[in-house]
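Here is the structure we will look at.
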Amino acid sequence: MSERDYTLEPDSELRFEVEGKKEVVVLNLLKGKAEIFGTEITPEKPYSFHSGAKVAVFTWHGCSIKLKGNTEGTYIAKETPMVMYLNTHACLERLRKQADEGLAKGEEARGPVTMIVGPTDVGKSTLCRILLNYAVRMQRRPLFVDLDIGQGAIAIPGSIGAVLVERAASIDEGFSQEAPLVYNFGHIAPNSNMTLYNILVSRMAQTVQEKIVSNRKVAASGVVINTCGWVKDDGYRSLTHVAQSFEVDIIIVLDQERLYNELVQDIPFIKVVFLPKSGGVVERTRAMRISARDDRIRDYFYGIKTKYHPHSFDVRLNSVQIYKIGAPALPDSCMPADMKMDDHMTKLVKIDPSGKLQHHMLAVTLTTDPEDLLATNVAGFICVVDVDEEAGTMKVLSPQPKPLPDTILILTEVQYMDSN
Ligand SMILES: Nc1ncnc2c1ncn2[C@@H]1O[C@H](COP(=O)(O)OP(=O)(O)OP(=O)(O)O)[C@@H](O)[C@H]1O
Ligand SMILES: [Mg+2]
């Protein structure tokens, strides 16, 4: 196994990737201080990285690091946008201080609501993580809202979520996902049902607003919002919808000047900031994205470092109520005169449980009233492992032990094949 020491000058970062399926790379900080995407590394503590990891170890003051194991594309970069990211954090921190002062005087103040936008593979998720980590290292308690249903970090693909950040992200597990607020969308791309996506975004914005009003510390800390990398046409319109719903104060545009200019022109009342992407951000192929989504569902059930023990049990098909949101669109000529396209997209369709459910993820809601399905958050997700139509049962994988709650399940288009 290869082993190598690296000495980093101030303001530089060591970048590496881990490839091979079973490969594990262990990192140790030998001297100085360093951080990974805003989380400080503890000296002499070994950190393990597994296949697929793309890492940057950044140092403000210089450090030395030992890497054990086989890494790919390993180099030290002296050019990084970290100073700009830190300056952005400093601006946000000033706004948090102002909000603190306002709140102390009994005013209705609020810390910055920041939204990060840009095309795919520009480091949006990473910048969210850095800004949230810096905030929490200053004793702030910001909210993290992830609206990226394809490559987001909360719950599973096909959902949007929010968590209160009380600790810096763990190097291997990211931000703690205790008590996340999750809305089920059910598809991995927003254009599968733009109407529903926008409804859920508005609903999430409302709930986040309520959270802010009820907690002064959170109110002063503000919100960081991650978004999808789809920035054209409906994707663009959806970004402006997010900005309005959350009453965003600052939009950070990563990498794309065209998007920056469009936003400056279209929403002159919001501050729009352009930041360059880091040269270290690694592009991901379609195959890598698919496998990242799969990994996220596996981690949802089985955990990453902390291992979870999901439950597997049979459920009687006639004991569950399953709905799907959105019916296939009819041609205009077939639609009743008073019905709009939008009505189709939010139509609730009752599903007869059958073999077709196999491998699908189902959202477990908190309601027994179909009328509530569009706008309520969900308790979690289960996966249909197998359906036995003859016996009238299905086998599910669930983070919670049986029985399933007596609430409605929503069928999603997200699929997972359990191979554990
Ligand atoms: N400075 C860096 N050095 C090395 N790797 C990096 C750096 N910044 C980000 N990465 C890696 O690059 C990959 C892509 O970054 P990230 O997920 O933040 O991009 P994104 O814009 O959110 O992508 P997506 O459009 O898929 O959501 C990640 O695996 C991340 O760990
Ligand atoms: Mg992302």
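Worth a mention:
- No other residue among 305, 277 is under 30 Å from residue 124 (Cα atoms), open to solvent by 70 Å² or more (accessible area, probe 1.4 Å), in contact with a strand residue (DSSP E or B) (Cβ under 9 Å, 6 or more places away or on another chain) and away from ligand 1 (no atom under 16 Å from the Cβ) apart from 305.
- Lone qualifier among 226, 261 - being in contact with a Gly (Cβ under 9 Å, 6 or more places away or on another chain), closer than 21 Å to residue 121 by Cβ and modelled with pLDDT of 95 or more: 226
- Test result for residue 49, under 21 Å from residue 305 (Cα atoms), within 13 Å of ligand 1 (Cβ to nearest atom) and either buried (at least 19 other Cβ atoms within 10 Å of the Cβ) or assigned by TED's automatic domain parsing to the domain that holds residue 173 (or both): yes
- Some residue of segment 108-115 being surrounded by fewer than 16 Cβ atoms within 10 Å (Cβ to Cβ) and either among the acidic types (Asp, Glu) or not assigned by TED's automatic domain parsing to the domain that holds residue 261 (or both): yes
- Where residue 292 falls short, out of the listed (1) surrounded by fewer than 18 Cβ atoms within 10 Å (Cβ to Cβ); (2) of a type in the set (A, V, I, L, M, F, W, C); (3) modelled with pLDDT of 90 or more; (4) over 23 Å from residue 378 (Cβ atoms): (4)
- Considering (1) within 16 Å of ligand 2 (Cβ to nearest atom); (2) in contact (Cβ under 8 Å) with a residue 12 or more places away in the chain; (3) within 20 Å of the chain's Cα centre (by Cα), the lone condition that residue 285 does not fulfil carries the number (2).
- Among the candidates 50, 89, residue that is within 23 Å of the chain's Cα centre (by Cα) and modelled with pLDDT of 95 or more: 89
- Near pairs, Cβ below 6 angstrom, 6+ apart or cross-chain, from segment 253-267 (in contact (Cβ under 8 Å) with a residue 12 or more places away in the chain) to any residue that is of a type in the set (Val, Ile, Thr): 253/117; 254/122; 255/122; 259/231; 259/253; 260/253; 263/251; 263/272
- Flag if residue 212 is out of contact with any strand residue (DSSP E or B) (no Cβ under 7 Å at 6 or more places or on another chain), away from ligand 1 (no atom under 16 Å from the Cβ) and either open to solvent by less than 70 Å² (accessible area, probe 1.4 Å) or hydrophobic (A, V, I, L, M, F, W, C) (or both): yes
- Scanning segment 105-144 for residues being among the acidic types (Asp, Glu) and either within 16 Å of ligand 2 (Cβ to nearest atom) or modelled with pLDDT of 95 or more (or both) gives a total of 1.
- Wholly enclosed strands (runs of 3 or more DSSP E) of segment 344-395 bearing at least 1 residues over 30 Å from residue 205 (Cβ atoms), open to solvent by 40 Å² or more (accessible area, probe 1.4 Å) and of a type in the set (Lys, Arg): none
- Matching strands (runs of 3 or more DSSP E) fully within segment 40-112 where at least 1 residues are more than 15 Å from residue 130 (Cβ to Cβ): 47-50, 63-68, 72-77
- Residue 60 passes every criterion in (1) within 16 Å of ligand 1 (Cβ to nearest atom); (2) open to solvent by 20 Å² or more (accessible area, probe 1.4 Å); (3) modelled with pLDDT under 95 apart from (3).
- Any chance residue 40 is acidic (Asp, Glu), closer than 26 Å to residue 175 by Cβ and exposed (fewer than 15 other Cβ atoms within 10 Å of the Cβ): yes
- Pairs where the first residue, in segment 41-62, is over 23 Å from residue 125 (Cα atoms) and the second is open to solvent by 50 Å² or more (accessible area, probe 1.4 Å), C-beta under 7 Å, 6+ apart: 61/10; 61/33; 62/9; 62/10
- Count of residues meeting criterion [within 12 Å of ligand 1 (Cβ to nearest atom) and assigned to a loop (DSSP other than H, G, I, E, B)] in segment 20-39: 2
- Residue check for residue 126: among the β-branched types (Val, Ile, Thr), touching an Asp or Glu at 6+ places or on another chain (Cβ under 9 Å), open to solvent by 10 Å² or more (accessible area, probe 1.4 Å) and near ligand 1 (Cβ under 10 Å from one of its atoms): no
The values are calculated or read from the model by the stated rules, or taken from the named source; none is laboratory data. Predicted model, so just to flag it, every value in this text is computed and none were measured. Note: ideal-geometry Cβ built from the backbone for every residue, glycine included; neighbour counts use all protein chains shown. Ligands, DNA and RNA are excluded from the accessible area calculation, which covers all protein heavy atoms including side chains. Shrake-Rupley method; radii C 1.70, N 1.55, O 1.52, S 1.80 Å.
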